[in-house]
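**Q** Quick one: structure below, then a few questions.
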Amino acid sequence: MDCLFCKIIKGEIPSKKVYENEFVYAFEDIAPQAPFHVLIIPKEHIASSADITADNSILVAKIFEAAAQIAKENDLKDGFRIVTNSGKVGCQTVFHMHFHMLSGRQLEGQMG
Ligand code: AMP
Ligand code: ZN
């Protein structure tokens, strides 16, 4: 399958790894929107959060578990924001579900 993030997981495209376990992989966003901008993705290919089902929803929990661990390891004690874009209306550009984890500056407003 021609998926950019599946290639990153396999190491076929380089990335700056921040965290990895059996279920998830996390790496620095190539175009950071904040001083800390990491993408957390399931190792299993799921196109978007619109494709979460009872069979794969455990991976969402694994992603948030990883986020809490990443926050500890990177000393994000003042907090962070997690965002996921889904589909055309959500401005999703890479169709392997990913969660943006942003921190390192005071983020604006309630959403962006
Ligand atoms: P979205 O618009 O939510 O689909 O986000 C896709 C994100 O992937 C953007 O923030 C891009 O900067 C990021 N991105 C695209 N290609 C790469 C790459 N090769 N390595 C790291 N991040 C990437
Ligand atoms: Zn994929």
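None of the figures in this text is laboratory data; all of them are computed from the coordinates on show. Only a predicted model underlies this, so the values are computations on that prediction, with no experimental measurement involved. Here the Cβ is made from the backbone with ideal geometry for all residues, glycine too, and neighbour counts use every protein chain on show.
**Q** Scan the range 37-54 and tell me whether some residue there is among the small types (Gly, Ala, Ser), touching a strand residue (DSSP E or B) at 6+ places or on another chain (Cβ under 7 Å) and in contact (Cβ under 8 Å) with a residue 12 or more places away in the chain.
**A** No, every residue in the range 37-54 fails to be among the small types (Gly, Ala, Ser), touching a strand residue (DSSP E or B) at 6+ places or on another chain (Cβ under 7 Å) and in contact (Cβ under 8 Å) with a residue 12 or more places away in the chain.
**Q** Check every one of the strands (runs of 3 or more DSSP E) wholly within the range 14-112 and list those with 2 or more residues that are away from ligand 2 (no atom under 16 Å from the Cβ) and surrounded by 12 or more Cβ atoms within 10 Å (Cβ to Cβ).
**A** Output list reads 17-20, 36-42, 81-83, 99-103.
**Q** Scanning the range 1-13 for residues that are in a loop (DSSP other than H, G, I, E, B) and free of Cβ contacts under 8 Å to residues at least 24 places away in the same chain, which turns out surrounded by the fewest Cβ atoms within 10 Å (Cβ to Cβ)?
**A** Asp2
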